[in-house]
Amino acid sequence: MDIIIKDILDELNTPAVPMESTVDNLLFGDTSSKVTGVAVTFLATQEIIEKAKALGVNLIISHEGIFYSHWGKTDALQDDSVYKQKCKTIAESDMAIFRYHDYVHRFLPDGITAGLLQALGWKDYEVENLPAASIVELPSSTVQNVISHVKQRLGIAYARYIGDPSITCRRIGVLVGYRGGGELAVSLFGKKNLDMIIYGEGPEWETPQYVRDAVQQGNEKALLVIGHAESEMPGMEYLAQYLQKKFPAIPVHFIPEGPVFKIC
């Protein structure tokens, strides 16, 4: 029996708590179209769309918004050459694109966080699962060892940190994506007695400055900032594995993306 786009979307939205407002939406394509294959990615960039086309798939599932706005606003881009070329590429490839952000974060546990913990090999060390964070308790280690482990497991060449690399590190808060703001992350240090927090990104004048002050005062605290995409790509790979099991008759590919920044 043919699998259509609606079948995929119904599966994606089933496990989550219903939401009145969401950015999750079929941006291009028709729900009645037959699916030849699926590409799952963090963000459907120009490069990712071209790679998906080369793989022969006709549905991309993108975690983040493809037009440089969380809310998908494109009014200011109508005359922009980059926007128009991207739309042309999508149209010429006859590609359907589904934005899948809110519902995957509503999985119990959060699907993106679960994917990161799986990639890090820390699932068995999770001691508390919160709506926007996971608390892990590792065998006694050092900040430097944790940093090296994260870089090696995620295949990232660089990350930013604050703290003494030699201090003991056991209790760690793991926060994916843009959850590094002070209101959430700073409070976790005290409430959960954390030695270290790892997150994707956040305002640099909030949590990083808190940790810097803590270190200056002699507190053994540390922060590791790995990048938004780097923290959430494992969750989308986790999703691709889930979909392949649910729909074994069609190919499901995870397409990673390289770092958005170069270091000079």
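See the values below:
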{"quantity": "Residue ranges of helices (runs of 4 or more DSSP H) in the range 53-155 with at least 2 members touching a helix residue (DSSP H, G or I) at 6+ places or on another chain (Cβ under 9 Å) and of a type in the set (S, T, N, Q)", "calculated": "81-93, 111-120"}
{"quantity": "Failed item in (1) under 20 Å from I112 (Cα atoms); (2) touching a residue at least 60 places away in the same chain (Cβ under 8 Å), with Q241 passing the rest", "calculated": "(2)"}
{"quantity": "Members of the range 1-44 found to be more than 18 Å from the chain's Cα centre (by Cα), of a type outside the set (V, I, T) and not in a loop (DSSP other than H, G, I, E, B), listed by number", "calculated": "K6, D7, L9, D10, E11, L26, L27, F28, K34"}
{"quantity": "Total residues in the range 149-167, condition under 24 Å from Q217 (Cα atoms) and either more than 19 Å from the chain's Cα centre (by Cα) or without any contact (Cβ under 8 Å) to a residue 40 or more places away in the chain (or both)", "calculated": "7"}
{"quantity": "S140 vs. criteria at pLDDT below 95, out of contact with any Pro (no Cβ under 8 Å at 6 or more places or on another chain) and either under 27 Å from Q152 (Cα atoms) or of a type outside the set (K, R) (or both)", "calculated": "yes"}
{"quantity": "Residue, surrounded by the fewest Cβ atoms within 10 Å (Cβ to Cβ), within the range 105-129, restricted to residues that are of a type in the set (A, V, I, L, M) and modelled with pLDDT of 95 or more", "calculated": "V127"}
{"quantity": "Near pairs, Cβ below 6 angstrom, 6+ apart or cross-chain, from the range 205-229 (over 30 Å from E64 (Cα atoms) and surrounded by 15 or more Cβ atoms within 10 Å (Cβ to Cβ)) to any residue that is modelled with pLDDT of 95 or more and basic (K, R)", "calculated": "A214/K221"}
{"quantity": "Residue check for T74: surrounded by fewer than 18 Cβ atoms within 10 Å (Cβ to Cβ), β-branched (V, I, T), touching a residue at least 24 places away in the same chain (Cβ under 8 Å) and farther than 30 Å from G218 by Cα", "calculated": "no"}
{"quantity": "Which listed residue, of T41, T14, is within 19 Å of K245 (Cα to Cα), hydroxyl-bearing (S, T, Y) and in contact with a Pro (Cβ under 8 Å, 6 or more places away or on another chain)", "calculated": "T41"}
{"quantity": "Residues that are surrounded by fewer than 14 Cβ atoms within 10 Å (Cβ to Cβ), touching a strand residue (DSSP E or B) at 6+ places or on another chain (Cβ under 9 Å) and under 20 Å from G72 (Cβ atoms), drawn from the range 26-55", "calculated": "D30"}
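The values are calculated or read from the model by the stated rules, or taken from the named source; none is laboratory data. Since the model is a prediction, treat every value here as computed from it, not as a measurement. Counting neighbours? That spans all protein chains shown, and the Cβs are built from the backbone with ideal geometry, glycine included.
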